[in-house]
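The values are calculated or read from the model by the stated rules, or taken from the named source; none is laboratory data. Nothing here was measured: the structure is a model prediction, and the numbers come from that model. As a convention, Cβ positions derive from the backbone with ideal geometry for all residues, glycine included, and neighbour counts pool all protein chains shown. What goes into the accessible areas is simple: the full protein's heavy atoms, side chains included, and nothing from ligands, DNA or RNA. Shrake-Rupley method; radii C 1.70, N 1.55, O 1.52, S 1.80 Å.
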Amino acid sequence: MNYKARQKKAVRRVGKLAEALLVTHLPDVRYLSGFTGSNAALVLVGAKAMLFTDGRYTAQAQAEAVGTKVTIAAKSAVVAACEWMEAAGVTRCGFDGTQTTVAALTRMEAGLSKAFGVKARREMFVDVGALVARLREVKDEDEIAILRRAALLGCGLFDHMLGFIEGGMTEMAVAAELEYRARLAGSEAMSFETIVASGERSALPHGRATLAKIPKRGFVTLDFGVVVDGYSSDMTRTVHMGRARGPVKASAVPGERDVYDLVLEAQESAVRAVKPGASAGDVDEAARSVLRRAGLDGFFSHSTGHGVGLEIHEGPRLAAKQTQTLEAGMVVTIEPGVYLPGSFGLRIEDMVLVSAVGGEVLTPSPKAWIEL
């Protein structure tokens, strides 16, 4: 990873707003320095990069934050960073107000001496917003290579699960097998709590695995991700146990296979809409319009997708009326779904790279109808 190049970009983005940038959100710290510890404050001042952490990470920080000067603080890393900036003559420091609590800002101000003056303290810290998070939205070649590996590892897990899932086993047993196999395959962790939602519970968009038993007949939704070298994958596949039911007579509940085919059509429509220059809202509409024509858009209760990288949810957000323009190098999810309370639900999700010419699916597991 070219951390120096990233640091220079961040400093350029700060521009005339401040002399320095204080970074405390840990994924941002990792992105700019390579440090993966749980306590850190990173200061960028011109060409200088200073990392403050505690004694637990003395060896780790030296090994990971190559090219960044490391200081082991005897007190709060943030306070030590602020003290260093005062000594260095910094009078304006940018910070990310989307990640900084009022309590954290108070600690930052407390890191300045009384000699700094009340007015100078108030003017020292300026909110420059999610500056680093926006840089992280466009992935470089190294990041894309890792995301490809993570995505393919997830696809291999899905292939394994197709031969494992049986009616009568619990959702927790399915989740446990998936997570166990993920560890054996080299995953550092799961990207989030694995979702296994079956039968009527498949109508829950975020149905975490429970002791409910997999039905002999009905949908099973698997939504999961793995972490590889700090980067997350994210994919969803929905399979059907036994033969599908047709439309329920004397009710408004459509057939399971009919709804699946519509969700797949919506998902593939949105994937085709992914390209540089497309707006996030246009991609969302490409999926939503398919369901709207079928009268099912009211049962699609979340956004079409989101960025993914060092965090499982990053920008851009693919949702209605979002005007952000997609750029080559972004990696997003495309995950429309339909959820019919008391009946069933399903979702299909891919990770998609915004390439120079369109969208490249990074999770090539089968999406066609599967009966187990």
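Using 0.36 nm per residue, how much length does the chain from Lys69 to Arg208 gain when fully extended, once their Cα-Cα distance is taken away?
Details: separation 139, 0.36 × 139 = 50.04 nm, distance 4.27 nm.
Answer, rounded to one decimal: 45.8 nm.
Just check the stretch 213-282 against the gyration tensor rule for me: Cα atoms, a ≥ b ≥ c as the square roots of the eigenvalues, rounded for a/c under 1.5, and otherwise prolate or oblate depending on whether a/b exceeds b/c. Could the numbers behind the result be given before it?
On the way: a/c = 3.73, a/b = 1.44, b/c = 2.60.
Since a/c reaches 1.5 but b/c is at least a/b, the shape of the stretch 213-282 is classed as oblate.
Once you place label points 7 Å from the Cα toward the Cβ at Ala103 and Arg12, how far apart are they in nm?
So the two model labels end up 3.8 nm from each other.
When DSSP beta bridges are limited to those with both residues in the stretch 11-119, what percentage is antiparallel, rounded to the nearest 5? Walk me through the numbers before you get to the answer.
On the way: 9 of 15 bridges.
Approximately 60 percent, going by the DSSP bridge assignments.
Using just the Cα positions, wrap the stretch 214-372 in a convex hull and report its mean projected area in square nanometres, one decimal place.
Values: hull surface 38.1 nm².
Quarter of the Cα hull surface area: 9.5 nm².
Apply the a/c threshold of 1.5 to the C-alpha gyration tensor of the stretch 266-322 and tell me whether it is rounded, prolate or oblate.
Working: a/c = 2.21, a/b = 1.55, b/c = 1.43.
Prolate, because a/c is 1.5 or more and a/b exceeds b/c.
To the nearest 10 Å², what's Glu64's accessible area with a 1.4 Å probe?
Roll a 1.4 Å probe over it and Glu64 shows about 60 Å².
With label points built 7 Å along Cα→Cβ from the Cα atoms of Leu184 and Glu371, find their separation and express it in nm.
3.0
Only residues of the stretch 275-319 count here: report those whose backbone N is under 19 Å from the spot 7 Å along Cα→Cβ of Asp258, or say none.
The answer is 289-300.
Could you pull the accessible area for Glu371 with a 1.4 Å probe, rounded to 10 Å²?
Counting only protein heavy atoms, the figure is 80 Å².
How much length would be gained if the chain were fully extended between Ser113 and Val126, taking 0.36 nm per residue of separation minus their Cα-Cα distance, in nm to one decimal?
On the way: separation 13, 0.36 × 13 = 4.68 nm, distance 1.81 nm.
2.9 nm is the gain from fully extending Ser113 to Val126.
Summing -39500 (n - 2.57) over the DSSP H runs of n ≥ 4 in the chain and dividing by its residue number, what mean residue ellipticity at 222 nm do you reach, to the nearest 500 deg cm²/dmol?
-10500 deg cm²/dmol
Could you do me a favour and compute the accessible area per residue for the chain, 1.4 Å probe, result in Å²? Please report the intermediate quantities before stating the final value.
Details: 16100 Å² over 372 residues.
Spelled out: the 1.4 Å probe surface of the chain, per residue, equals 43 Å².
Can you tell me the FRET efficiency between Thr58 and Ala87 if r is taken as the Cβ-Cβ distance and R0 is 25 Å, rounded to the nearest 0.05? Before the final figure, lay out each step's value.
Working: r = 22 Å, r/R0 = 0.88.
The value I calculate is 0.70.
Would you kindly calculate the translational diffusion coefficient of the stretch 1-52, applying Stokes-Einstein with the Kirkwood radius from alpha carbon pairs, for 10 °C and a viscosity of 1.306 mPa s, and quote it in µm² s⁻¹ without decimals?
Values: Rh = 10.9 Å.
Once the numbers are plugged in, D ends up at 146 µm²/s.
Note the per residue figure in Å³ for the convex hull of the C-alpha positions in the stretch 160-199. List each step's numbers first, then the result.
Numbers: hull volume 2.7 nm³, N = 40.
Cα convex hull per residue, to the nearest whole number: 68 Å³.
Among the listed pairs Lys75/Lys119; Lys213/Lys275; Lys139/Lys213; Lys9/Lys69; Lys213/Lys367; Lys8/Lys275, which have their C-alpha atoms separated by more than 30 angstrom in this model? Can you show the working numbers first?
Details: Lys75/Lys119 25 Å; Lys213/Lys275 41 Å; Lys139/Lys213 40 Å; Lys9/Lys69 18 Å; Lys213/Lys367 24 Å; Lys8/Lys275 28 Å.
Violating the 30 Å Cα-Cα cut-off are Lys213/Lys275; Lys139/Lys213.
Whole angstrom only: what separates the Cα centroid of the stretch 263-336 from the Cα centroid of the stretch 11-49?
First find each Cα centre; the distance between them is then 31 Å.
Between the helical axis of 280-293 and the dominant principal axis of the chain, each derived from Cα atoms, what acute angle in degrees is found, rounded to the nearest 10?
Approximately 20 degrees, to the nearest 10.
Answer rounded, prolate or oblate for the stretch 308-352, using the Cα gyration tensor with square roots of eigenvalues a ≥ b ≥ c: rounded when a/c is under 1.5, else prolate when a/b is larger than b/c, else oblate. Can you show the working numbers first?
Numbers: a/c = 2.81, a/b = 1.94, b/c = 1.45.
Cα axes put the stretch 308-352 in the prolate bin.
Considering only protein heavy atoms and a 1.4 Å probe, what is the carbon-and-sulfur percentage of the accessible area of the stretch 93-210? Let's see the in-between values first.
Numbers: 3130 of 5610 Å².
Carbon and sulfur atoms account for 56 percent of the accessible area of the stretch 93-210.
Highest GNM mean-square fluctuation, the chain, Cα pairs closer than 10 Å: which of Gly246, Gly186, Gly337?
Gly246
For the stretch 185-239, what's the radius of gyration and Dmax over Cα atoms, in angstrom?
Answer for the stretch 185-239, Rg first and Dmax second: 12.4, 38 Å.
In the stretch 261-356, which trypsin sites (Lys or Arg not before Pro) fall in coil by DSSP and have 10 or fewer other Cβ atoms within 10 Å? Don't skip to the answer; put the middle values down first.
Working: sites: Arg272, Arg288, Arg292, Arg293, Arg317, Lys321, Arg347; in loops: Lys321.
Within the stretch 261-356, the qualifying trypsin sites (Lys or Arg not before Pro) (loop, at most 10 other Cβ atoms within 10 Å) are Lys321.
How about the stretch 195-256: which trypsin sites (Lys or Arg not before Pro) there lie in a loop by DSSP and see at most 10 other Cβ atoms within 10 Å? Provide the component values of the computation, followed by the final result.
Values: sites: Arg201, Arg208, Lys213, Lys216, Arg217, Arg237, Arg243, Arg245, Lys249; in loops: Lys216, Arg217, Arg243, Arg245, Lys249.
Filter output for the stretch 195-256: Arg243, Lys249.
Note down the Stokes-Einstein diffusion coefficient of the stretch 1-148 in µm²/s, whole number, using a Kirkwood radius over alpha carbon pairs, 37 °C, and 0.692 mPa s.
Values: Rh = 15.4 Å.
Taking Rh from Cα pairs, D becomes 213 µm²/s.
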